[in-house]
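Below is one structure, written out as structure tokens; comments come after it.
Each reported figure results from applying straightforward, stated rules to the coordinates on display, with no laboratory input. The structure presented is a predicted model; accordingly, all values stated were derived computationally and were not measured. Cβ atoms come from the backbone with ideal geometry, glycine included; neighbour counts cover every protein chain shown.
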Amino acid sequence: MTKSTETVFELPDASQLAAAFVDLARSVNDGKDMVEVFSMLAERCVTVLSVEACGILVIDPLGELEVIGSSNHSAHLLDLFQVQNFEGPCLQCCNTGEAVIDTELSATGPWPGFAAEAREQGYLAVYAVPLAARGVVVGALNLFAHEPIRDDEISVAQALADAATIALLQADPHEDAVVVTRRLHMVVEERNTIEQAKGVLSQRFSIDAEEAFVQLRRAGERTGTRLVDVAMSVVTRDNSYDAARLLANPID
């Protein structure tokens, strides 16, 4: 009898999962802005799951989806495609509040345009799990993989999504809708500021958006400054240390 050569995914050990949750809690407690927190969480998902990319979207106060965090540029582009073209697993996940799995990405499936874009990026399976509290969906966590993942991994992804929801709601899922809406508005505004700063750096140094984001994060880590504050200093060119250093020369 021939042994199967199929690769079996093993759940990340306790230390890996603990590190992901500890990093998330520490980032929130340290007052980091949610764009940075969600970007870190997206990167952690790629570390602990057998996926190649992850993106996180939230629903803004007007009911529109906004891309908040991505593990890499391809995840960011695929999430933007869903938002701009009103099709993809994330939209269905946010509408139903249930996990969405597509391991076919067929041209005749429910989102042919998105499927074509995902396959062009090399992905053959996509997953979306809801960010929800008390039955209210506030966003979704998207996973992109080169091959289908196991149900065990989807459960881990949902646990990480639940942690992201707690972080977004500042550990209080019982707050009323007005407070939650105000917080979502703040997160979207922070994201917009960071996107503007990425544009400034991209144009100034002829680098792509992903590298510009790396530069912003490095500046914040080096000086202990929130990512959104570094971004604001770049956008306004207020002559602070972070802005002056970034605009003068990229950080190695």
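Rounded to the nearest 20 debye, the dipole magnitude of the range 14-172 is 220 debye, with +1 charges on Lys and Arg beta carbons, -1 on Asp and Glu beta carbons, and the Cα centre as origin. Using alpha carbons only, the radius of gyration of the range 14-172 set against its Kirkwood radius gives Rg/Rh = 0.94. Remark: the range 43-54, residue by residue, has Karplus-estimated 3J(HN,Hα) of 5, 5, 4, 5, 6, 9, 10, 8, 10, 9, 7, 8 Hz, where x stands for each Gly or Pro and the curve is 6.51 cos²θ - 1.76 cosθ + 1.60 at θ = phi - 60°.
In order along the range 204-218, the phi-based Karplus estimate (6.51 cos²θ - 1.76 cosθ + 1.60, θ = phi - 60°) of 3J(HN,Hα) comes to 5, 10, 6, 10, 7, 5, 5, 5, 4, 5, 4, 4, 5, 5, 5 Hz; Gly and Pro are listed as x. For the peptides 193-200, 220-227, the ranking by mean Cβ contacts within 10 Å, running from highest to lowest, is 193-200, 220-227. Summary of packing: across the peptides 61-74, 101-114, the per-residue average of other C-beta atoms within 10 Å ranks them, highest first, as 61-74, 101-114. Quotient of the Cα radius of gyration of the range 36-121 and 2.2 N^0.38 Å, N being its number of residues: 1.06.
Here the peptides 82-95, 38-51 are ranked by packing, the mean other Cβ count within 10 Å, and the order with the highest first is 38-51, 82-95. Sequence-ordered 3J(HN,Hα) estimates for the range 145-161 from the Karplus curve with 6.51, -1.76 and 1.60 and θ = phi - 60° stand at 10, 7, 8, x, 9, 7, 4, 4, 5, 5, 5, 5, 4, 5, 5, 5, 5 Hz, glycine and proline given as x. Summarising the amide proton neighbourhood of G69: residues at separation of 5 or more, or on other chains, whose placed amide H is nearer than 5 Å comprise I56.
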